[in-house]
Amino acid sequence: MNTRPKPRGPSRTVEGHFARKRFGQNFLTDQNVIRRIVAAFGPVPGQNVVEIGPGLGALTHELIGSLGRIQVVELDRDLAAALPQRLFGEGELIVHQGDALRFDFRTLAQGPHDLRIIGNLPYNISTPILFHLLEQVDAIADMTFMLQKEVVERMTAEPGTGDYGRLSVMLQYRCEVEWLLDVPPESFSPPPKVDSAVVRLRPHATPRYNKVDEKRLQQLLTAAFNMRRKTLRNALKGQGDPEQFEAAGIDLGLRPEEVDVATWVRLANMPGPENRHE
Ligand code: SAM
């Protein structure tokens, strides 16, 4: 009879720390990948860099050497407490123990578009973190994130492709979104079940699109992409006056995934259901 204990799934102890699944802890261990991510990020001494989820300090170690000073936001109390010892003597480390989803990053900025943010993000909260940071985009110079590859495909998707949707439009409205590199599961411990990729978001220095009420844009996109196989005529039913849309030159025969960001912004700036005059 086999009396060996059952394997505990992908959770394991890494450098003496038991990886907590609920915090999405997959630690980067491949030094080559770590160096490539930091090179793509391009740290310059004196820049105001904040890392989200430093974990055991794989990226932090590489970054602090070039920067001399770094701030980090880490939810796991044990990891946050242990990090100064791990990186002792390598540079100035400022640890903020807390939830990045509730953190006011603006308090760390010295002026507009000052912060450079980097993180190998927990995959289970990656989209909420992106939206939380978009609300503070006036303080941010750029953001470099490791995410599930499938999410990066949606973030960078162009109109006319199957991955193009709500996330693509909301992010591309605010930022230039650039795919940097792919990272396989073997680069982490424990390895995640999915492929990963690193992406950079750089807020547009001057607005690329007309200003829009982002809540209205979200509402319109959610309604439309819930019916992504339908034409706009059907997918936008109840979202405004189709005659007005057509009079503004919008082709209601298109499917939501064929509509570019500028056109979504125009649609969102037209009268919605609540102020439609019959
Ligand atoms: N940066 C490390 C690396 O690359 O090896 C760790 C990356 S691991 C995927 C995600 C890290 O984010 C963990 O250290 C985890 O504790 C932390 N974390 C999870 N949820 C968080 C949150 N809401 N706010 C801040 N940190 C969080």
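Among the residues of segment 137-154, the ones that are modelled with pLDDT of 95 or more and more than 17 Å from Phe41 (Cβ to Cβ) come to 7 in all. For segment 143-171, the set of residues classified as open to solvent by less than 50 Å² (accessible area, probe 1.4 Å) and in contact with a strand residue (DSSP E or B) (Cβ under 7 Å, 6 or more places away or on another chain) consists of Met143, Thr144, Phe145, Met146, Leu147, Gln148, Val152, Met155, Thr156, Leu171, listed by residue number.
Being open to solvent by less than 10 Å² (accessible area, probe 1.4 Å), within 13 Å of the ligand (Cβ to nearest atom) and not small (Gly, Ala, Ser) holds for only one residue in Ile125, Ile140, Ile52, and it is Ile52.
Taking the criterion of being within 17 Å of Tyr209 (Cβ to Cβ) and modelled with pLDDT of 90 or more, the only residue of segment 225-255 that qualifies is Ile250.
Counting only residues that are surrounded by 14 or more Cβ atoms within 10 Å (Cβ to Cβ) and either on the phi > 0 side of the Ramachandran plot or not β-branched (Val, Ile, Thr) (or both), segment 87-97 holds 6 of them.
Filter segment 128-137 down to residues that are open to solvent by 40 Å² or more (accessible area, probe 1.4 Å) and away from the ligand (no atom under 14 Å from the Cβ), then give me how many there are. The qualifying residues number 1. Filter segment 103-122 for residues that are open to solvent by 40 Å² or more (accessible area, probe 1.4 Å) and free of Cβ contacts under 8 Å to residues at least 12 places away in the same chain and give the result. Passing the criteria: only Thr107.
Screening the candidates Val194, Val198 for the property of being within 16 Å of the ligand (Cβ to nearest atom) and buried (at least 20 other Cβ atoms within 10 Å of the Cβ) yields one hit, Val198. Any residue at all in segment 226-244 that is open to solvent by less than 90 Å² (accessible area, probe 1.4 Å) and under 26 Å from the mean Cα position of the chain (by Cα)? Checking segment 226-244: at least one residue is open to solvent by less than 90 Å² (accessible area, probe 1.4 Å) and under 26 Å from the mean Cα position of the chain (by Cα).
No other residue among Arg116, Arg154 is assigned to a helix (DSSP H, G or I) and of a type in the set (D, E, K, R) apart from Arg154. Residues that are within 11 Å of the ligand (Cβ to nearest atom), touching a residue at least 60 places away in the same chain (Cβ under 8 Å) and open to solvent by less than 20 Å² (accessible area, probe 1.4 Å) within segment 28-49 comprise Leu28, Val33, Ile37, listed in sequence order. Just one of the listed residues (Arg208, Arg216, Arg166, Arg202) is modelled with pLDDT of 95 or more and more than 30 Å from Gly55 (Cα to Cα), namely Arg166. Hey, any hits in segment 110-118 for a residue that's assigned by TED's automatic domain parsing to the domain that holds Gly55 and within 14 Å of the ligand (Cβ to nearest atom)? Yes - at least one qualifying residue is present in segment 110-118.
The values are calculated or read from the model by the stated rules, or taken from the named source; none is laboratory data. Just so you know, these numbers come straight off a predicted model, no measurement behind them. We place every Cβ from the backbone using ideal geometry, glycine too, and count neighbours over all the protein chains shown. Accessible surface areas use protein heavy atoms only, side chains included; no ligands, DNA or RNA. Shrake-Rupley method; radii C 1.70, N 1.55, O 1.52, S 1.80 Å.
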